[in-house]
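The values are calculated or read from the model by the stated rules, or taken from the named source; none is laboratory data. Keep in mind that what you see is a predicted model, and the values were worked out from it rather than measured. A quick note on method: Cβ atoms are made from the backbone with ideal geometry, for glycine too, and the neighbour counts reach across all protein chains shown. For the accessible areas, the whole protein counts, side chains as well, though only heavy atoms, and no ligand, DNA or RNA atoms are used. Shrake-Rupley method; radii C 1.70, N 1.55, O 1.52, S 1.80 Å.
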Amino acid sequence: MEAAGTAAAGTPAETAQSAVVVGGGISGLLAARTLARAGVRTTVLEASGVWGGCVGSHVVAGLTLDSGAESFATRSSAVADLAAELGLADSIVAPNPGGAWVQLPDGPRELPRTGVLGIPANPWDPEVRRSLGLAGSLRASFDKLLPASLGTRAQATSVSALVRARMGRRVLERLVAPVVGGVHSADPDVLDIDMVAPGLRAGIKARGSLAAAVAAQRNGTQRSGDERNGGPFRRRRPPGCRRRGPPSQDCAAGCTPLSPRCSPSCAAKA
Ligand SMILES: Cc1cc2nc3c(=O)[nH]c(=O)nc-3n(C[C@H](O)[C@H](O)[C@H](O)COP(=O)(O)OP(=O)(O)OC[C@H]3O[C@@H](n4cnc5c(N)ncnc54)[C@H](O)[C@@H]3O)c2cc1C
């Protein structure tokens, strides 16, 4: 172990309990914080030389960039509340209005501005139409004509099965698989839809289509921002970033790559 930290609200004599947290990523640090605030003498063991785990940074071509997480879902206020508690509220910035893009074999394409896991709330939204093509949007819009039972029965439990059945292969391959792969590091074939998008299948039953279920989830939760992981995100301002760049199709993330104004994920993916 290269790094170890200890924290407690009271002294060892005052507290009867002690705890060891293995791993100094965000989970371990939050667990340790909770324990320490409860008065438990807590030791965090971290195998690497730095804290944060996947939340870290590295330097590419002289730019300091996020190497892992750079944004968070705002469906609940949990992360924003934590950032405020830690005195980081002023460091939070809104996402680039250019939205989220994905790099496909035929070039960068837009992700739905209103969607869940890349599933569009409206297959005819301009950015969705551009990413899917006419045939793809047409197939996806059949979703509204299909019986609500399709994809909501017990056998269609994977993300792939549901999306392919209701909206077709292009939605699955061009929008959903890249988002699901990026967020869950897994193939949509092996991910249970009820685990990664709870309530979606119930929404289809209640509203008659997958698009309507997605729209209902978004309407109930949306605040602002782009689409990843089923909800809008906010980014931390990268070190050295002066201001956000204008959207551009040069980069999958929707801004000018490797410019000082560029978002960290954009430069990392450029
Ligand atoms: C490229 C990338 C981009 C991402 N983007 C986002 C994003 O934008 N938004 C978002 O919400 N999430 C994002 N994520 C996911 C998010 O970063 C992770 O879910 C989260 O950081 C995981 O935190 P963790 O503490 O559970 O695990 P980790 O960050 O993996 O931390 C585990 C820690 O435990 C240490 N450890 C492991 N084994 C031992 C051991 N035996 N002894 C001691 N120490 C040990 C490791 O060194 C590590 O520091 C992204 C992930 C990646 C990889």
- Around ALA19, which amide H atoms from residues at least 5 apart in sequence, or from another chain, sit under 5 Å from its own amide H, with H modelled in the peptide plane? ARG41, THR42, THR43
- Estimate the FRET efficiency between VAL79 and LEU146 by the formula 1/(1 + (r/R0)^6), using the beta-carbon distance for r and 35 Å for R0, to the nearest 0.05. 0.45
- Item | Shape box of the range 89-151 [Cα atoms, principal axes, largest first, Å] | 48, 29, 18
- Share of alpha-carbon pairs per 10 Å distance bin for the range 11-118, given as whole %: 11, 28, 33, 18, 7, 2, 0
- Each residue of the range 123-140 in order: what ³J(HN,Hα) in whole Hz does its phi give by Karplus 6.51 cos²θ - 1.76 cosθ + 1.60, θ = phi - 60°, with x for Gly and Pro? x, 9, 4, x, 6, 6, 4, 5, 6, 8, x, 4, 5, x, 5, 4, 4, 5
- Estimated vicinal HN-Hα couplings, Hz - the range 158-163 in sequence order (Karplus 6.51, -1.76, 1.60; Gly, Pro = x): 7, 4, 4, 4, 5, 5
- Item | Virtual spin-label span in nm between GLN155 and ALA61, 7 Å along Cα→Cβ | 5.1 nm
- Zero-based 5 Å bins, Cα pair distances in the range 73-222, whole percents: 2, 10, 18, 21, 20, 14, 8, 5, 3, 1, 0
- Amide H to amide H, which residues 5 or more places from SER158 or on other chains are under 5 Å from it, using H placed in the peptide plane? ILE193
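Share of the range 139-208's accessible area from carbon and sulfur, percent, 1.4 Å? Write down the numbers at each step before the final one.
Working: 1850 of 3430 Å².
Roughly 54 percent of what the probe reaches on the range 139-208 is carbon or sulfur.
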- Applying the Karplus parametrisation 6.51 cos²θ - 1.76 cosθ + 1.60 with θ = phi - 60° to the phi angles of the range 55-70, what ³J(HN,Hα) value in whole Hz is obtained for each residue in order, glycine and proline being reported as x? 8, x, 9, 8, 10, 10, 6, x, 9, 7, 10, 5, 8, x, 4, 10
- Note on the structure: Counting only DSSP loop positions in the range 96-168, the trypsin sites (Lys or Arg not before Pro) whose Cβ has at most 12 other Cβ atoms within 10 Å are ARG153
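Work out how much length ALA38 to ALA94 would gain on full extension: take 0.36 nm times their residue separation and subtract the Cα-Cα distance, in nm to one decimal. Write out the running numbers ahead of the final one.
Details: separation 56, 0.36 × 56 = 20.16 nm, distance 3.32 nm.
Taking 0.36 nm per residue and subtracting the Cα distance, the gain is 16.8 nm.
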